[in-house]
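Beneath this line is the structure, given in structure tokens, with notes to follow.
Any read-out appearing in this document is the output of simple, stated calculations on the displayed coordinates, not a laboratory observation. What you see is a predicted model; the values in this text were computed from it and never measured. We place every Cβ from the backbone using ideal geometry, glycine too, and count neighbours over all the protein chains shown.
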Amino acid sequence: MKEQKWLGGIAMVLMVCTGRAQQAGIKMEPVNFSRVQITDAFWAPRIDKVTSVTIPVCIDQTEVKTPRIRNFEKVARKKGEKHEGIYFDDSDVYKALEAIAYSLKNHPDKALEEKADEWISKIAAAQLPDGYLNTYYTLNGLDGRWTDMEKHEDYCAGHLMEAAVAYYNTTGKRQLLDVAARLADHIDSVFRQQGRHWVSGHEEIELALVKLYKATGKEKYLDLAQWYIEQRGHGYGKGVIWDKWKDPKYCQDDVPVRDQKEIEGHAVRAMYLYTGAADVGAAKNDSGYMNAMKQVWEDVVYRNMYITGGIGSSGRNEGFSMDYDLPNHQAYCETCASVGMVLWNQRMNLLTGDAKYVDVLERSLYNGALDGLSLSGDRFFYGNPLASKGNYGRSEWFGTACCPSNIARLVESLGDYIYAASENGIWVNLFVGSNTTIALKKGAVQVSQETAYPWEGTVQVTLTPATAMAFPVYIRIPGWAQDAPVPGDAYRYADRTDSSLSLSVNGRPAIYSIQHGYAVINQRWKKGDVIRLHLPMPVRRVIALDSIKEDRQRVSLQRGPLVYCVEQPDNKDKTESFIVPDDAVWQAGFDKQTLGGVVVIRAELPVIQPDEGGKSIRMSKEPVVAIPYFSWANRGNAAMQVWLPVRIQSVTVKTEYGEN
């Protein structure tokens, strides 16, 4: 069905399309980070900071301040030395190596590559002849290996595989890839080939095996990934999670993955599992995984996700509790869980061809995940609350140090998430200044993107095909620009705007169809053709569904993809003493003096203050400033809130008889 529509004064053709990308025979794959050069004014400095500061911090912590590398050296020495640290510490070495691999692509560095090769040699020396590799059990007694499903042996193995594939993609060096393959062969021979049941207590290996399959072309690694997923939900689990806690939901082991409909348990475990399930579903064209993942995704996004894209509200299980239980001060929102949301939503996009998954990916990336890394690159959040009374701040490191290296590898690998392609088409998913060359069936196409996103909403994509050719280009139209801050009804805009986006080709109105959140421009392209997308970025007030009780009578502020918060350094003692009326007028502007340069938003708001002596109150209008949520707590511990009151709920007045 086709019909003429007008959008922002520009004619377009709207086509209603209900089929999914994979069902329609379109095989989307991400354009690998190793083929994307990032030039973006927002992201390039952050990648530089991770390279120059965060990765050296990870190296220092790994080599000097903690025994992580030392454990590998002990294995190689074979002198009966004992393991130091926590049983899953090997994984932090591998995540740091993965971040280094991405960094070497972004910023080639001979000394850093030599350091990585040094680590890889020590890792290889610690591998046993049968392929087994885990310093905890090798040093403490091999009789214990593969006896406790909770002890993260395959979790560590998965992160090794991811690091190996990343390092191979960047450098072409195979040593770590061969180590990973031998370890995968060992696991396959011990379990799948022997028909021995095993449930990973911390998922990760599932998605990693799919990466290893794609890097090596060996189908057995994909089969092993599927085998791991199919082990869940049949009562095979044994170990601390099952025997002591008696909570198979904690690691998503209460029902088979194909039958899962609701999110549960530990948030990071869930994200890694569902990323692997989506990967396997796409690779094997398995509709059972697709249907399960869609239902679980809707439960996460519609009922269990914060406005920041963060997930996992409960610190008790580092995960989920009940629907709509989304407290702000006590929000756990582990940084790794937001990283997992980026991974999972990318795979869901590739599985279905639907842009709504990239909408959620973008929200988690710019807000929930990026918040975990300080602007200086050397301070981190483990949890990411949406409100603070000033008693929460960033840390130099953690005993369980998954988050620093995880956010480092995400930022360095940003190139993985910008573009996707099939044999016949190109998808622009994220608006990030960058260059790449994409090989289509008809020939190669150079793609260049220029933008000041997320501060401004204009995006320019220049196409240079090797020869003039026809193919479709899919430009994501974000949900936030179409009056829907997120999929579902948990959050909605409290205001309406007349602003309309516009899309042109070579300065003329583009003719395009809308398919699953993408504007599809299908025409013959020649050298230097320019697509220009303009997304207006007014300040929008967002309200929550009444079921989210802590957000009742409150609004959050959003501009473009960014969620904003009010923090004490900009507002002195006003962070909790103002209200946001419906008619508040917000002004946005770039402030290079604030937090290294961010767009801040300002308004004159009613502020409630005690008079002299504190025995009564007065109300006056005063300026209130909001900053991007990802940038808070970079000026020391400070009071902060994302959800702002719209009316006075109560007033405390000091009298001679006390407070009333």
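For this structure, a couple of remarks:
- Within the shell defined by Cβ-Cβ distances under 13 Å, the residues around Cys336 carry a net charge of -3, with Lys and Arg each +1 and Asp and Glu each -1.
- For the cross-link pairs Lys214/Lys442; Lys284/Lys526; Lys549/Lys592, the ones whose C-alpha atoms lie over 26 Å apart are Lys284/Lys526; Lys549/Lys592.
- By other beta-carbon atoms within 10 Å, ranking Ser434, Ser388, Ser52 with the fewest at the front produces Ser52, Ser388, Ser434.
- Volume per residue of the convex hull around the Cα atoms, evaluated for the range 31-417, comes out as 132 Å³.
- Which listed pairs, of Lys173/Lys527; Lys95/Lys527; Lys79/Lys115; Lys65/Lys244; Lys49/Lys218; Lys82/Lys115, have C-alpha distances above 29 Å, in listed order: Lys173/Lys527; Lys95/Lys527; Lys65/Lys244; Lys49/Lys218
- Over all other residues within a Cβ to Cβ distance under 15 Å of Asp188, the charged ones net out to -3, with Lys and Arg as +1 and Asp and Glu as -1.
- Radius 14 Å from Cβ of Asp148, net charge of other residues (Lys, Arg +1; Asp, Glu -1): -1
- Applying 1/(1 + (r/R0)^6) with R0 = 25 Å to the Cβ-Cβ distance of Gln523 and Glu423 gives a FRET efficiency near 0.90.
- The stretch between Lys442 and Trp397 holds 11.2 nm of extra length on full extension. This uses 0.36 nm per residue minus the Cα-Cα distance.
- Estimated [θ] at 222 nm from DSSP helical runs (n ≥ 4, -39500 (n - 2.57)) normalised by residues in the chain, nearest 500: -9500 deg cm²/dmol
- Among Met322, Met149, sorting on how many other beta-carbon atoms sit within 10 Å of each Cβ, with the fewest leading, yields Met322, Met149.
- By the count of neighbouring beta-carbon atoms within 10 Å, fewest first, His152, His159, His516 end up ordered His516, His152, His159.
- Membrane-span-like helices in the chain (whole DSSP H runs, Cα extent of at least 18 Å along the helix axis, mean Kyte-Doolittle hydropathy of at least 0.0): 175-190, 267-284, 335-352.
- Ile511 paired with Tyr236, simple spin-label distance in nm, labels 7 Å along Cα-to-beta-carbon: 5.5 nm
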